[in-house]
Amino acid sequence: MAKDKDNGLGDGRRSGGVLPVSEDRRAFLKSGALLAGASAAGGLGIATAHAGSVKVPESNLSMGREIPAKIYGMPSKYEAHVTRNRTDVFVNKQNWSDWSMTPLQHQLGIVTPNGLFYERHHAGIPDINPDDHTLAVHGMVKQPLKFSMSDLMRYPAVSKFYFMECSGNGLTDWKAVKSTTVQQTHGLLSCAQWTGVPLSWLLDEAGLADGAKWVLLEGADGSAHARSVPIDKCMDDTLIVWGMNGEMLRPENGYPLRALIPGWEGNVSVKWLRRIKVGDKPWHLRSETARYTDPMPDGKWRQFSMVMECKSVITRPSGGMKIPGPGRVEIEGFAWSGNGKITAVDVTVDGGKTWREARLEEPVIDKCLTRFRYSWDWDGGPAEIASRAVDSSGYVQPTVADIDKVRAIVGFVQHHNAVFPWSVASSGEVANAIA
Ligand SMILES: Nc1nc2c(c(=O)[nH]1)N[C@H]1C(S)=C(S)[C@@H](COP(=O)(O)O)O[C@H]1N2
Ligand SMILES: [Mo]
């Protein structure tokens with residue numbers, strides 16, 4: 001298994017003790033004893049004590065790199081270890097129908113940078129010229145329509161933050177430890193600000209015929225990936241997007257056009273979108289019959305379970321990291337729900353015996369990643385840490401045992417949103433404790 005070289009707790013925090021004084025910091029300071037070595041004036045206990053003169057660094061003594069005439073900027077060479085990685089747990093013999101995972105342990109804030117957004121393709125990444133690309137709206141409509149990219153981009157666009165998660169996220173680690181890092185256990189999850197038009201505008205313009213109930217979305221890739229989506233979701237918050245975090249979609253995320261179906265399994269957000277067909281019933285396609293369905297205890301399979309229900313995970317400290325020593329540990333992670341906003345996250349440090357409420361970081365947005373934090377005084381003994389999220393519908397993130405009761409498990413589980421524990425050894429080493 002690939003070892004992440006920058007997974008220690010200390011080295012990811014290059015800003016040292018120089019943090020702005022914020023509400024969060026005040027809460028941190030009030031919430032308990034500081035690490036040994038913290039100043040009496042009330043530092044976070046992260047910086048090392050310093051006396052004497054401040055050395056002038058080499059970079060102060062010469063001119064820096066020149067600005068090229070044109071360039072697409074790239075991260076610092078010192079961040080080269082932060083990559084999205086193809087799965088090495090569920091190894092595929094080819095890399096066309098495959099996936100790559102977001103390094104959640106390195107993500108700052110709630111937005112996933114475009115180069116780190118997870119990927120899932122069924123037949124590789126097509127290379128589509130936007131000048132040749134069109135979107136057809138047809139089927140049970142009063143007037144079939146065809147849009148070029150420049151037609152679509154004349155609409156007054158909207159920009160919204162939404163998470164995206166593959167329903168297979170976590171399937172490798174159902175009641176068995178297979179993965180080491182949170183990138184491997186939860187990295188089929190990312191979040192972006194999407195820019196495009198509400199699908200309702202396009203459907204209103206075409207005019208829905210009486211009896212229109214379902215919509216087919218089809219991609220222009222080699223898999224001709226397609227899904228059936230109920231008309232209500234299409235008219236509610238579904239977007240047809242070309243923008244992602246301030247720039248055009250990346251080829252791997254659907255350039256030049258994709259559907260973005262907020263809060264639902266990633267599979268319905270059809271990439272390289274070329275066709276929207278309105279009908280009166282679902283099409284029962286491969287990805288809603290043979291795949292992306294949940295086996296039930298009565299032997300039947302549940303179709304169209306498309307909402308990604310409330311879930312959370314601790315990203316720091318997480319699997320493969322090492323806590324430097326006893327004392328203050330700032331636990332942080334993500335919570336999200338396809339059914340609304342996150343209203344609370346609880347954290348346990350004793351394997352679920354007791355739970356304490358974590359702090360939620362603003363902004364807290366509907367169907368978007370929400371960051372939580374919890375300040376823990378680690379006594380240096382073995383511990384088990386986990387988070388449990390609650391959403392605005394009142395739904396509480398289930399445990400593995402809860403899911404086990406209501407599903408038949410055939411090898412692995414889709415839509416695995418259970419509480420996910422990490423063990424902390426006396427050595428400070430953090431490991432996957434899902435078993
Ligand atoms: N045309 C097309 N759309 C697709 C897919 C695909 O293979 N082809 N994969 C789906 C799946 S399973 C997921 S999880 C998301 C992944 O989107 P991303 O690669 O932008 O993260 O796209 C969905 N849309
Ligand atoms: Mo997916």
Could you tell me the accessible area of Y78 in Å² (1.4 Å probe, neighbours in place), rounded to the nearest ten?
150 Å²
Give the cross-link partners of K146 among the lysines, using a straight C-alpha distance below 16 Å as the criterion and excluding same-chain residues fewer than 8 apart.
K277
Quick one: divide the alpha-carbon radius of gyration of the chain by 2.2 N^0.38 Å and tell me what you get.
1.06
For peptides 321-331, 132-142, sequence by mean Cβ density within 10 Å, most packed first
321-331, 132-142
Farthest toward the dipole's positive end in region 116-302, which of G254, H284, G187, given Cβ charges of +1 (Lys, Arg) and -1 (Asp, Glu) about the Cα centre?
H284
Any chance you could run the full-extension gain for D132 through K353? It's 0.36 nm times the residue separation minus the Cα-Cα distance, nm to one decimal.
73.7 nm
Cβ crowding within 10 Å averaged over residues, with 263-270, 340-347 ranked highest first
263-270, 340-347
Counting only DSSP beta bridges with both partners in the chain, the antiparallel fraction in percent, to the nearest 5, comes to 95 percent
Can I get the semi-axes of region 116-302's equivalent ellipsoid? Compute them from the C-alpha gyration tensor as square roots of 5 times the eigenvalues, in angstrom, largest first.
28, 21, 14
Those aspartates and glutamates that a straight Cα-Cα span of less than 18 Å connects to K300, excepting residues fewer than 8 apart in one chain:
E288, D404
4 °C / 1.567 mPa s Stokes-Einstein diffusion coefficient of region 169-271, Kirkwood radius on C-alpha pairs, µm²/s
84 µm²/s
Taking only protein heavy atoms and a 1.4 Å probe, the highest-to-lowest accessible-area order of R65, R258, R359 is R65, R359, R258
Using Cα centres only, tell me the gap between region 118-135 and region 183-237 in whole Å.
16 Å
With each label point set 7 Å from Cα along the Cα-Cβ vector, what nm distance links E362 and S76?
2.9 nm
Treating only the Cβ of Lys, Arg, Asp and Glu as charged (+1, +1, -1, -1), what charge dipole size does region 116-302 show about its Cα centre? Round to the nearest 20 debye.
360 debye
How much FRET efficiency would the formula 1/(1 + (r/R0)^6) give for K405 and W201, where r is the Cβ-Cβ distance and R0 is 41 Å, rounded to 0.05?
0.45
Using 0.36 nm per residue of separation minus the Cα-Cα distance, give me the extension gain between Q94 and D379 in nm, one decimal.
98.0 nm
Where the chain is the region considered: accessible area per residue in Å², 1.4 Å probe
47 Å²
Two-decimal ratio, region 307-432, of alpha-carbon radius of gyration to 2.2 N^0.38 Å:
1.06
Sites E58 and K322 - FRET efficiency at Förster radius 30 Å, r taken between beta-carbons, to 0.05:
0.50
Could you check how much of the accessible area of region 116-302 is carbon and sulfur, as a whole percent, using a 1.4 Å probe?
50 percent
Suppose every K and R has +1 on its Cβ and every D and E has -1 on its Cβ; what is the size of the dipole of region 278-435 about the Cα centre, in Debye to the nearest 20?
360 debye
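The values are calculated or read from the model by the stated rules, or taken from the named source; none is laboratory data. This is a predicted model, so every value here is computed, not measured. Every residue, glycine among them, receives a Cβ derived from its backbone with ideal geometry; neighbour counts consider all protein chains shown. What goes into the accessible areas is simple: the full protein's heavy atoms, side chains included, and nothing from ligands, DNA or RNA. Shrake-Rupley method; radii C 1.70, N 1.55, O 1.52, S 1.80 Å.
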